[in-house]
Amino acid sequence: DKAGTKISVAITTGDYQQTKDFLGSPPPGPGEIVICTPERLEVMLRNPESHSWANTVDTFVIDEFHLLGDSTRGASLETLLTRVMDVCPGASILSLSATIGNTDEVIAWFDANGRNLKIVSSGYRYPQLSREVLIEPEKDAFIQKQADEIVQGDDESMLVFVCTQAIA
């Protein structure tokens, strides 16, 4: 095969309607890459019957790692990480975040749990982002106009964050 070794990807979501999986279902079959939500992984690791499967995983990749210190979702991420370290002591954890804050606190947390941590930081970003904070009375029309202009370019993209809570 010209593309190299074929990689098997398994997806498990816990969304019964979409995949016939449900939160209590067994882990997916073998795969070099398994994609799941943190909630689904936590449920699988909570079940002792899944521990032998979990111990075949060499590396857990956790995205949105900056949520570790978040006041609303941080505790669930901390629980998941603690469970991974308990159930799979030989596995590596690769944490991804574009916005993580105080890495010294994260290092201290991992050290307290008997794990060595290596921080890899990069300022590289392609494409370069332009950040603007705008208050626009006709926001939908404004965003539509910007999007129309951007999609005309060959190598352009746009990511829009909107405030969903009332500003006091």
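The values are calculated or read from the model by the stated rules, or taken from the named source; none is laboratory data. Fair warning: this is a prediction, and the values are worked out from it, not measured in the lab. Reconstructed Cβ throughout: ideal geometry from the backbone, glycine too, with neighbour counts over all protein chains shown. Ligands, DNA and RNA are stripped out before the accessible areas are found, and what is left, the full protein with its side chains, is counted by its heavy atoms. Shrake-Rupley method; radii C 1.70, N 1.55, O 1.52, S 1.80 Å.
The table for this structure:
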quantity: Accessible area of segment 104-144 divided out per residue, in Å², using a probe of 1.4 angstrom; calculated: 96
quantity: Rounded percent of accessible protein surface that carbon and sulfur make up, segment 27-90, 1.4 Å probe; calculated: 52
quantity: Amide hydrogen neighbours beyond the local backbone of I93, cut-off 5 Å, H modeled; calculated: F60
quantity: Pairwise FRET efficiency - D140 versus E32, Cβ, R0 = 45 Å, nearest 0.05; calculated: 0.55
quantity: Difference of contour (0.36 nm per residue) and Cα-Cα distance, S157 to R131; calculated: 8.0 nm
quantity: Listed peptides 54-63, 142-151, 117-126 by packing density, highest first (mean Cβ within 10 Å); calculated: 54-63, 142-151, 117-126
quantity: Highest to lowest packing among 70-77, 93-100, 34-41, 132-139, scored as the average C-beta count within 10 Å; calculated: 34-41, 93-100, 70-77, 132-139
quantity: Gain upon complete extension [S97, H51; 0.36 nm per residue less C-alpha separation]; calculated: 13.9 nm
quantity: Under 5 Å, built H, 5+ apart or other chain: amide partners of V34; calculated: A10
